[in-house]
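The structure appears below as structure tokens.
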Amino acid sequence: MLLTSRQRLTSLLCLIYFTTLLITPDSYKYGAILLAVTALIMLPSTWQSLKTRPAILISGSLVLYFVVTLAFALPGEHYEQLDMPSRVLLAIMIFALLLKYPPELKSVFYGCAIGAALVGVIALYQHYMLDIRALSTGGFMPFKLPAWPQA
């Protein structure tokens, strides 16, 4: 029962993460923060899942990335360079959570589909209602396609 409820929680959090990933340039943070807080709370019950060989290799490489960046940033007092490497420590905790309680693949796919549909609605609104190029404002990064040669 407890395993099922925790697996449902990770499925819901992954659905939220993938849904909010594309909506606005900063919206990916909300789902990631929920995943990180949940992973931190559940760390006492999930850290054992990192004991397998593949998990040790992945986690070890992430820790090594953090340590190497720390070794180069501290002597030069470049503390702003520790932003991304410190996130990998959270990623290790989220990795342990997802290994112990893997989300349903269906929730990941639904999250991607819902997020893509919402971005499409935003693009249509911006193009037809606001009469601006879709997703060209607000920090969005639209795809840049190469110009095709005219025949």
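The values are calculated or read from the model by the stated rules, or taken from the named source; none is laboratory data. For clarity, every value in this text was computed on a predicted model and none was experimentally measured. Note that we place each Cβ from the backbone using ideal geometry, even for glycine, and neighbour counts take in every protein chain shown.
Assess whether Ser61 counts as being in contact (Cβ under 8 Å) with a residue 12 or more places away in the chain, on the phi < 0 side of the Ramachandran plot and of a type in the set (Gly, Ala, Ser). Steps first, answer last, please.
Working: in contact (Cβ under 8 Å) with a residue 12 or more places away in the chain: no; on the phi < 0 side of the Ramachandran plot: yes; of a type in the set (Gly, Ala, Ser): yes.
Criteria not met by Ser61.
Kindly indicate the residue of segment 1-13 that is free of Cβ contacts under 8 Å to residues at least 24 places away in the same chain and in a helix (DSSP H, G or I) and also surrounded by the most Cβ atoms within 10 Å (Cβ to Cβ) among those meeting that condition. Full working, then the answer.
Residues of segment 1-13 free of Cβ contacts under 8 Å to residues at least 24 places away in the same chain: 1-2, 4-5, 8.
The next check asks that each one be in a helix (DSSP H, G or I); those that pass are 2, 4-5, 8.
Working: Leu2: 8, Thr4: 9, Ser5: 9, Arg8: 14.
So the residue we want is Arg8.
Name every residue in segment 25-60 that is touching a Lys or Arg at 6+ places or on another chain (Cβ under 8 Å), surrounded by 15 or more Cβ atoms within 10 Å (Cβ to Cβ) and over 20 Å from Leu15 (Cβ atoms), in order of residue number.
If the condition is that a residue be touching a Lys or Arg at 6+ places or on another chain (Cβ under 8 Å), surrounded by 15 or more Cβ atoms within 10 Å (Cβ to Cβ) and over 20 Å from Leu15 (Cβ atoms), then Ser49 is the only one that fits.
Considering only helices (runs of 4 or more DSSP H) fully contained in segment 14-95, which possess at least 2 residues that are modelled with pLDDT of 90 or more and over 20 Å from the mean Cα position of the chain (by Cα)? Step through it out loud before you land on a result.
Numbers: elements: 28-41, 43-46, 53-73.
Those helices (runs of 4 or more DSSP H) span 43-46, 53-73.
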